[in-house]
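Quick one: structure below, then a few questions.
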Amino acid sequence: MKTILIVPTYNEYDSIGELVPMLLALPVEPVVIVVDDNSTDGTGELADTLSDNFRGRVLVIHRPAKLGLGTAYLAGFARALDEQVDAIVTMDADFSHHPRYIPAMVDMLNAGYDLVIGSRYVPGGATPDFPLSRRMLSWCANTFARTMLGLQARDTTAGFRCYRRSVLESLPLDTIFSSGYSFLVEMLFMVQRAGYRVGEVPITFEDRKQGQSKISQQEILKAIYTVMRLAILRLSLWLRR
Ligand SMILES: Nc1nc2c(ncn2[C@@H]2O[C@H](COP(=O)(O)OP(=O)(O)O)[C@@H](O)[C@H]2O)c(=O)[nH]1
Ligand SMILES: [Mg+2]
């Protein structure tokens, strides 16, 4: 399967110099798309250097400002679909989503799944170095989204995903309301409603070694709003049946 990896970045200078070569060395021989939102730490320039050094295998999308994780994925999807690829992977730049899991995720797609999640919450998955506060936040967000939206997957907020090309081509991505982190829940909701097969590969999610998390209070509030909005949509669709 021809594979593209989409890595959204905002101030990830300390990670991408190591991450990108590691990704390119994977047996799936991917192309990497970095979507940088005008990072202030030189991430965009470093991505351009990597693109020059690994010509044709590293593409860079520069956006003028921090426009949100969700729209960064959308920009990456649009670019990926211009290429002849079968599998489109999204992942963080900070090594929380370790490259070592990508081959198993692509294999599972090959085996017939339409979306494969690198999952913290299936047997074998773990978040060993999350502090208690982060563990609680993640657990609450996940449980809230799963129950309110009837999602089957165990890890509904994970950004480590491998999509089959036809999933991205068939879904009305332009109707997605969320621009930030809650994009992930909205996208999963859409994928499940469309009847696609969702699988999960267990991963050990390691806390980022460098830099800071970009998740903010505002993103958390937006995520709650997104789940409520989709829950109302789900209810109204159910009532109309
Ligand atoms: N392009 C872009 N990337 C973003 C934005 N927000 C977060 N990211 C990147 O998305 C990934 C996930 O963010 P991160 O801070 O690791 O979130 P966490 O893992 O939930 O703490 C990282 O690679 C970030 O650099 C954004 O607004 N634009
Ligand atoms: Mg992260």
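Throughout, read-outs are computed from the coordinates displayed, never taken from laboratory work. All figures in this text were calculated on a predicted structure; none of them were measured in a lab. Virtual Cβ from ideal backbone geometry, glycine too; neighbours counted across all protein chains shown.
Please identify every one of the trypsin sites (Lys or Arg not before Pro) in region 13-84 that sits in a loop by DSSP and has no more than 13 other beta carbons within 10 Å of its own beta carbon.
ARG55
While we're on this one: Relative contact order for the chain using alpha-carbon pairs under 8 Å, separation at least 6, rounded to a whole percent?
23 percent.
Once you have the alpha carbon radius of gyration of region 3-239, what is it after dividing by 2.2 N^0.38 Å, with N set to its residue count?
The value comes to 0.96.
Now, a different point. Normalised by the residues of region 131-241, what does the relative contact order come to in percent, with Cα pairs under 8 Å and at least six apart? Write out the running numbers ahead of the final one.
Working: 59 pairs, mean separation 35.2, N = 111.
Normalised by residue count, the contact order of region 131-241 is 32 percent.
Counting only other residues whose beta carbon sits under 10 Å from that of ARG146, what net charge do I get with K and R as +1, D and E as -1?
0
Please compute the net charge surrounding HIS62, taking Lys and Arg as +1 and Asp and Glu as -1 over other residues with Cβ under 11 Å from its Cβ.
-3
On full extension of the chain, what length is gained from LEU235 through ARG197, given 0.36 nm per residue of separation minus the C-alpha to C-alpha distance?
Here the segment from LEU235 to ARG197 would lengthen by 11.4 nm.
What is the local net charge at VAL7, summed over the other residues whose Cβ is closer than 11 Å to its Cβ (Lys, Arg +1; Asp, Glu -1)?
Details: positive: none; negative: GLU12, ASP36, ASP92, ASP94.
That sum, taken over residues with Cβ under 11 Å, equals -4.
Just flag the chymotrypsin sites (Phe, Trp or Tyr not before Pro) in region 128-229 sitting in loop per DSSP whose Cβ has no more than 16 other Cβ atoms within 10 Å.
Passing both the DSSP loop test and the Cβ count: PHE177.
Of PHE95, LEU230, MET187, which is farthest along the charge dipole of the chain in the positive direction, counting Lys and Arg as +1 and Asp and Glu as -1 at C-beta?
Of PHE95, LEU230, MET187, it is LEU230.
While we're here: If the only charges are +1 at each Lys and Arg Cβ and -1 at each Asp and Glu Cβ, what is the size of the charge dipole of region 3-239 around the Cα centre, to the nearest 20 debye? Please list the in-between numbers first.
Working: 22 positive and 26 negative charges, 193 e Å.
In debye, rounded to 20, region 3-239 gives about 920.
Around THR9, which amide H atoms from residues at least 5 apart in sequence, or from another chain, sit under 5 Å from its own amide H, with H modelled in the peptide plane?
Placed amide hydrogens put VAL35, ASP36, ASP37 under 5 Å from THR9.
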